[in-house]
Amino acid sequence: MKENIKFFGTEETETKPQYIEVGQLSFELFNGSLRNINFKNREILRGIAYISRDKYWGTYDHKIADLEINKDKNFFNISYNSDLNDNTQSLSMNAKIEGSTEGLIFSMTAVPLTQFVTNRTGFVILHPLIDIVGKPVEIEKTHGSIILDQFPVEIKPDQPFFNIKSFTNFFDSDIKVSIKFNGDKFEMEDQRNWLDASFKTYSGSLLDSWPYTLEEGKTFSQSVELKIIKKNIYTSSKKDKKLIEINFGEKCSKIPEIGSSISISPTNEILKFKKIIKSASPSYFVARLNGGDQDLKEKINLYNSIRTETKTPLWLELILSSTHKINSEIKKVSSEFNSFNLCPEFLFVTHSNDMISFQPGDLRPSSPKYEDLARLARIHFPNSKIGGGVLAFFTELNRLPVPPNLFDFVCHSVCPSVHASDDLTIMQNLETIEWIVKSTRKMIGSAKYHLGPCSISTRVNPYGKSVNKNPLHKRLCLSEMDPRVKGLFGASWMLGLVSEFAYSGIDSIALGALDGPDGMIYTKQDYISDFFENKNLEVFPAFHVLKGLTTEIGSDLREVKCNQKNHISTIAIDTINGLELWIGNRTNLKKTVRISGISEGSRINFIDESNFDKALKHDYLNSKGKLMDQNNEVELSPYAVVRIKSSED
């Protein structure tokens, strides 16, 4: 099997970035954009990109041509041409990037070759979270005034800063970074709302009307100027050491309840895999119903069969209409459940208008309120735990907060590929989770906090007509199927998701899907890589993260101290047999990890490319694994996951 299939579930290769270093300044040139902009090994900007969004907020792909890169030890200049187009419109662009160790200027000239309708076309600047959250910032407004403020700690639904001409942020007493914008007004939004690990400054304003039209033949120019200002001799941050070192602290949290979902359009085929589902022991399975479904009886009958034959509780998503029909709809759904003598253990109730995104401050259409939904749910499902919130992302919950003490649990989901779908961004976005949990906890009070089904793909798209199909197995934003879920990348990302949420103190997590387009169990689908056909496989690597962690639900977690926290994911569990440690490599590089505090004779299982074929069987982790080396060092290949357990002998 090809290496790309093992790692990413697809033959598609990602463009390799070009590394540029001039003096103390370094960055990656990736698809015409700059990312990981560092000053002497310290990240000062996550990215600068010129992007164009269509009227549905889809992002155009750049077609880069005529790329030229010239540099010496003190200066660099880069230029390229690019075209954006679809069947109806096109835009021609010319980029110039030049600078030195003291900073850079990124300029773009764009000329529409047709009338060009867009929600946003212009520069976007991403600011990292580390050394930024809660730190001071000096902002020059477009009208000339200067204010002092700070980057937000709590995630707010609206924009923290408007009408920006330039701003300066301070990394310590000896260095500050100034960014100046030309060609348009700019404003900032807190992208942590969408799980993005950044604050985003972008051209234009969401307060203005969109979409808007760029006139054919008219030239539009913008630039971003980055200056690094040093007061004294700057002592650089050390480069990442090759060796990652981890050790353990005190007990700090517990493994939450862990479930998974079934396909939104399930079939009886899932019952063929009841043995595998039972072996995973999920806390529940998530199923969906719409109040207006014509096949309620058939679906509920199937859910009843799954629940009975796998001994797995039912977590029901019920989407009602946004009209006066909600009473009759929920009454009918309840009646059908009663006919099977079935009661969902958990009932999440919402309505169709709350499946759609609205900007902060927008007037929403007349719809049932949270209080109406909670009251009806408790009348018709008196024996279920009743939940509210949103099936979409934290963004939408933040824009429509749940009143405290109304529901038994509050729910939202996350998706790491709302704005970008490259491998690096997907992994970096795990950094945001602690801030989402803190903001949600402040909102919901004492209610239980449930995370709805989450994967690299998504089951919902509040920003468009539907989730995106992905028949070509590409890295695609907001798609119903992301091929990386089926590779080692997906297993490592899923371990990171559990780690970040569990250590932040969430009560329940639904991991991806058991079956369907993005299922962890192999089922026949309309589109799946040919390399997975006829392999006699049962599951994909991410399944072992689900199965391995559900056996320890409710167990104490131990703090993990690590010198390169964002390069690996870790979960340390106190079990009756001793410490169990999970480690996942978030990077495309080999990593060596030295572990202090594990018992002699511990055994290790690898989920990596050398064991990929074995990991396609559902009982792969039933084996004892290999004895740990005496020096307690582990070499992780790209995106590998390992489990280390104390010996039971």
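The table that follows gives values for the structure above.
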{"read-out": "Largest-first ordering by accessible area, 1.4 Å probe, given options 101, 551", "value": "551, 101"}
{"read-out": "Integer Hz, Karplus 6.51/-1.76/1.60 couplings in order for segment 374-388, x for Gly and Pro", "value": "5, 5, 5, 5, 6, 5, 8, 10, x, 9, 9, 6, 9, x, x"}
{"read-out": "Solvent-accessible surface (1.4 angstrom probe) belonging to residue 105, in square angstrom, nearest 10", "value": "60 Å²"}
{"read-out": "Spatially proximal lysines relative to residue 442 (Cα-Cα < 25 Å; intrachain offsets below 8 disregarded)", "value": "135, 156, 200, 251, 254, 369, 385"}
{"read-out": "Segment residue 229-residue 328, extension gain: residue separation times 0.36 nm, minus the distance between their alpha carbons", "value": "29.1 nm"}
{"read-out": "Restraint check, 331/465; 278/617; 272/299, Cα-Cα greater than 20 Å", "value": "331/465"}
{"read-out": "Hull shadow area, averaged, the chain [alpha-carbon convex hull, nm²]", "value": "29.6 nm²"}
{"read-out": "Label point distance in nm, residue 630-residue 135, each placed 7 Å from Cα along Cα→Cβ", "value": "4.5 nm"}
{"read-out": "Pairwise centroid distance, computed over Cα atoms, of segment 331-355 with segment 376-428, Å", "value": "17 Å"}
{"read-out": "Between helix 326-339 and the chain: long-axis angle, C-alpha atoms, 0 to 90°, nearest 10", "value": "40 degrees"}
{"read-out": "Calculated from backbone phi, Karplus (6.51, -1.76, 1.60) coupling profile of segment 84-91 in Hz, x at Gly/Pro", "value": "10, 7, 9, 6, 10, 7, 8, 9"}
{"read-out": "Extended-chain gain in nm, criterion 0.36 nm per residue less alpha-carbon gap, residue 174 and residue 588", "value": "145.7 nm"}
{"read-out": "Computed [θ] at 222 nm, helices only, for the chain once each DSSP H run of length n ≥ 4 contributes -39500 (n - 2.57)", "value": "-4500 deg cm²/dmol"}
{"read-out": "By average C-beta atoms within 10 angstrom, highest first, the peptides 398-404, 86-92, 484-490", "value": "484-490, 398-404, 86-92"}
{"read-out": "Inter-probe distance in nm under a simple model that places probes 7 Å from Cα toward Cβ, at residue 94 and residue 68", "value": "1.1 nm"}
{"read-out": "Virtual paramagnetic centre 7 Å along Cα→Cβ of residue 339, amide N under 13 Å, in segment 291-320", "value": "294-302"}
{"read-out": "Residue 522 long-range amide H proximity, modeled H, under 5 Å", "value": "539, 540"}
{"read-out": "Separation of the residue 61 and residue 531 label points, Cα + 7 Å toward Cβ, nm", "value": "1.9 nm"}
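The values are calculated or read from the model by the stated rules, or taken from the named source; none is laboratory data. Owing to the predicted nature of the structure, the values given are computational and were not obtained by experimental measurement. Methodologically, a virtual Cβ is constructed for each residue, glycine included, from the backbone with ideal geometry; neighbour enumeration extends over all protein chains shown. When the accessible area is computed, the model is the full protein with side chains, heavy atoms only, and any ligands, DNA or RNA have been set aside. Shrake-Rupley method; radii C 1.70, N 1.55, O 1.52, S 1.80 Å.
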